[in-house]
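I have placed the structure first, in the form of structure tokens, so that the comments after it can refer back to it.
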Amino acid sequence: MFLYLLALVVVFYVYRWIRELPRVSDVGSKYVYVTGCDSGFGNLLARHLDKKGFRVIASCFTEKGEEDLRKACSSNLTTTHLDVRSKESVAKVADMIKTKVGERGLWAVVNNAGVSVPSAPCDWLTIDDYKSMLDVNLNGVVSVTLSVLPLIKKARGRVVNVASVFGRISVTGGPYTISKYGVEAFNDSLRLNMAPFGVKVLCIEPGFFKTNVTDTAILSKNVQTLWDRLPQDVKDDYGAEYLQKSLAVISDKVAKMSDADLMKVVHCMEHAVAAVRPRTRYSPGWDAKFFWLPLSYMPSCVSDYIMLKEGIPIAKPIE
């Protein structure tokens with residue numbers, strides 16, 4: 001019986017692999033708008049799609065990001081400044097894209113821009129901390145998508161949203177998981193809304209990878225800054241050792257968990273953009289496939305037990 005089940009699994013994966021091989025044609029006339037191209041996944045994706053022959057519109061937050069991409073890519077790639085928090089900036093880029101793509105429309109938008117700080121236990125944070133991240137990670141995704149959605153519909157193209165495995169399970173405090181749950185919800189609702197128009201809406205849910213989101217220096221500085229501003233009574237609740245243990249987890253566990261092969265994610269993004277039959281969801285990273293996603297399907301009592309057992313103990317636990 002086991003061998004029959006194994007054979008069925010093998011047949012399924014071979015069939016899926018063959019089914020997903022075909023790529024769209026005439027890529028030289030297809031425009032792809034990618035956000036967050038200063039570094040990480042967005043930067044690599046812009047370069048990768050440019051080599052594949054797509055006409056990439058790469059948005060960056062910094063002038064250096066634009067300059068580096070222009071030097072590394074062909075003349076077919078266009079760079080532009082974008083602040084996803086600004087309605088004016090989003091609208092300005094959308095107007096430029098509308099002029100550039102003309103009647104053919106926009107083939108794809110890849111919402112990649114995102115941040116991971118401020119992150120900490122919920123009672124370390126203020127509502128402004130939540131707003132600052134949601135403005136980038138969630139509101140920015142919605143704003144950019146809506147700004148070019150008529151162009152996507154015209155091309156019967158794709159919307160590719162970069163969420164996270166932490167859009168499936170919340171194991172840390174603060175706004176990061178909230179923003180990613182929100183991206184998942186927006187992605188699901190948009191996918192259903194756009195299906196009658198022939199628009200595909202896909203979601204990327206990476207595990208831990210070595211990008212600015214998991215940069216130990218950025219995360220450590222964030223924790224130290226938030227700790228320093230805490231009232232003394234909150235510090236006492238957590239205990240003097242909590243900060244050092246938190247910094248140790250970041251420098252040890254987060255660094256070790258993070259995969260250096262960013263192309264695992266980029267290949268998923270490229271498949272979502274270029275495949276004739278893309279997947280609804282992609283979960284790059286072994287940690288995503290074999291730990292975080294299975295954990296998200298477990299009963300809450302089980303996932304809570306595992307997370308609390310592995311968590312940093314506080315100074316004043318309730319007995």
Worksheet item: Could you say which residue among Ser147, Ser119, Ser143 is in a helix (DSSP H, G or I), of a type in the set (Ser, Thr, Tyr) and buried (at least 20 other Cβ atoms within 10 Å of the Cβ)?
Response: Ser147
Response to the item:
If you go through Val183, Val136, the only one that is modelled with pLDDT of 95 or more, within 28 Å of Pro231 (Cβ to Cβ) and open to solvent by less than 40 Å² (accessible area, probe 1.4 Å) is Val136
Discussion item. Among the numbered criteria (1) hydroxyl-bearing (Ser, Thr, Tyr); (2) touching an Asp or Glu at 6+ places or on another chain (Cβ under 9 Å); (3) farther than 22 Å from Tyr181 by Cα, which one does Ser283 miss?
Written reply: (3)
Worksheet item: Tell me, which helices (runs of 4 or more DSSP H) wholly within segment 168-262 include 3 or more residues that are in contact with a strand residue (DSSP E or B) (Cβ under 7 Å, 6 or more places away or on another chain) and closer than 16 Å to Ala113 by Cα?
Response: 175-194
Discussion item. Which numbered condition in (1) open to solvent by less than 80 Å² (accessible area, probe 1.4 Å); (2) more than 25 Å from Asn43 (Cα to Cα) is the only one that Ile250 fails?
Written reply: (2)
Item to complete: Search segment 84-109 for residues that are farther than 22 Å from Asp38 by Cα and pair each with any residue that is open to solvent by 30 Å² or more (accessible area, probe 1.4 Å) and modelled with pLDDT of 95 or more when their beta-carbon atoms are under 6 Å apart and the residues are at least 6 apart or on different chains.
Response: Gly105/Lys154
Worksheet, complete the sentence: Scanning segment 150-166 residue by residue, those open to solvent by 20 Å² or more (accessible area, probe 1.4 Å) and of a type in the set (A, V, I, L, M) turn out to be Ala155
Worksheet item: Would segment 29-50 turn up any residue that is farther than 27 Å from Glu205 by Cβ and open to solvent by 30 Å² or more (accessible area, probe 1.4 Å)?
Response: yes
Worksheet item: Filter segment 79-116 for residues that are among the β-branched types (Val, Ile, Thr) and under 22 Å from Glu205 (Cβ atoms); which is most open to solvent (accessible area, probe 1.4 Å)?
Response: Val115
Response to the item:
Wholly inside segment 1-85, strands (runs of 3 or more DSSP E) that include 2 or more residues that are in contact with a Phe, Trp or Tyr (Cβ under 7 Å, 6 or more places away or on another chain) are 31-34, 55-60
Fill in: Tally of residues being of a type outside the set (S, T, N, Q) and in contact (Cβ under 8 Å) with a residue 12 or more places away in the chain across segment 222-234
5
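The values are calculated or read from the model by the stated rules, or taken from the named source; none is laboratory data. Everything numeric in this text was worked out from a predicted model, so none of it was measured. Using ideal geometry, Cβ is built from the backbone for each residue, glycine included, and neighbour counts are taken over all protein chains shown. Note: accessible area is taken over every heavy atom of the protein model, side chains too, but ligands, DNA and RNA are not part of it. Shrake-Rupley method; radii C 1.70, N 1.55, O 1.52, S 1.80 Å.
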